[in-house]
């Protein structure tokens, strides 16, 4: 069984210590998955990957796609309010090109679970499920303390092993919006797992939701409307490297990175069939990638 992970980001130091957090996260993804797509969207100078590659433990399964500012602007119809890192479009690029039997949509500051635990989850849920897993918080300062006051990127897995034993799951299902029964857990977009069959049936993320907020809940509603099982889990353990108050606020609003949100009614209340074209994920465009 082949599993693909989709990770999206840009080189803007969002939340602080982004290079360091991303290094831990990317190493865990490379270790866990058969295939990892990293889509760098709208970085002003160069991809985040080039800042951290010297500390990554490559094994030939990382596929890197860069969408530079001029192309990002064109793909969002030159809308100045589009999300600076337009997640729905970037994720769909990866999902459409993924070769895995199962696909995980996740984030650049998440230390991924161990492969054997994801395989157990897949076996339990089956190919007709859409599953989101609740993250567990870890502090960057705690990681440094565990590593003896250094980043110690070569030994990143020692921290994951320890966190597996010592972390505590949230154990609380919750929705963040009144009337919403689809998000299931807070920050549901940090780990969304489904078979390729499910992702392709629902046509990925809605490509008109080019602003921050609600797109992760939206994709879960689409899965449920399409007859798939929608579940929230508290395990296997996955760890969000907390970046403190800087970076909080949902969608980068606290820092003024993004100033317009997706419409709640469009994204959740009135969502029915996907509005995406059959060419979702820009499948009619040849997008180059490089492999590490």
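Extension gain for residue 19-residue 289 works out to 95.1 nm (0.36 nm per residue, less the C-alpha to C-alpha distance). Length available on full extension from residue 275 to residue 54: 0.36 nm per residue minus the Cα-Cα distance, which gives 75.5 nm. Using alpha-carbon positions, what is the distance between the centroids of the stretch 45-95 and the stretch 152-170, in Å? About 27 Å separates the Cα centre of the stretch 45-95 from the one of the stretch 152-170.
Net length available on complete extension from residue 142 to residue 208 is 19.8 nm, with 0.36 nm assigned per residue and the Cα-Cα distance removed. Express as a percent, rounded to the nearest 5, the fraction of DSSP beta bridges in the stretch 3-291 (both residues included) that run antiparallel. The antiparallel fraction comes to roughly 30 percent.
In this simple spin-label model, placing a label point 7 Å from the Cα along the Cα-to-Cβ direction at both residue 120 and residue 155 gives a separation of 2.7 nm. For a label point 7 Å from the Cα of residue 168 along Cα→C-beta, name the residues of the stretch 104-146 whose backbone N is under 14 Å from it. Flagged as within label range: 136-138. The order of 211, 164, 102, going from fewest to most other C-beta atoms within 10 Å of their C-beta, is 164, 211, 102.
No value in this document is a laboratory result; all are computed from the given coordinates. Just so we're clear, the structure is a prediction, and the values are computed from it rather than from any experiment. Methodologically, a virtual Cβ is constructed for each residue, glycine included, from the backbone with ideal geometry; neighbour enumeration extends over all protein chains shown.
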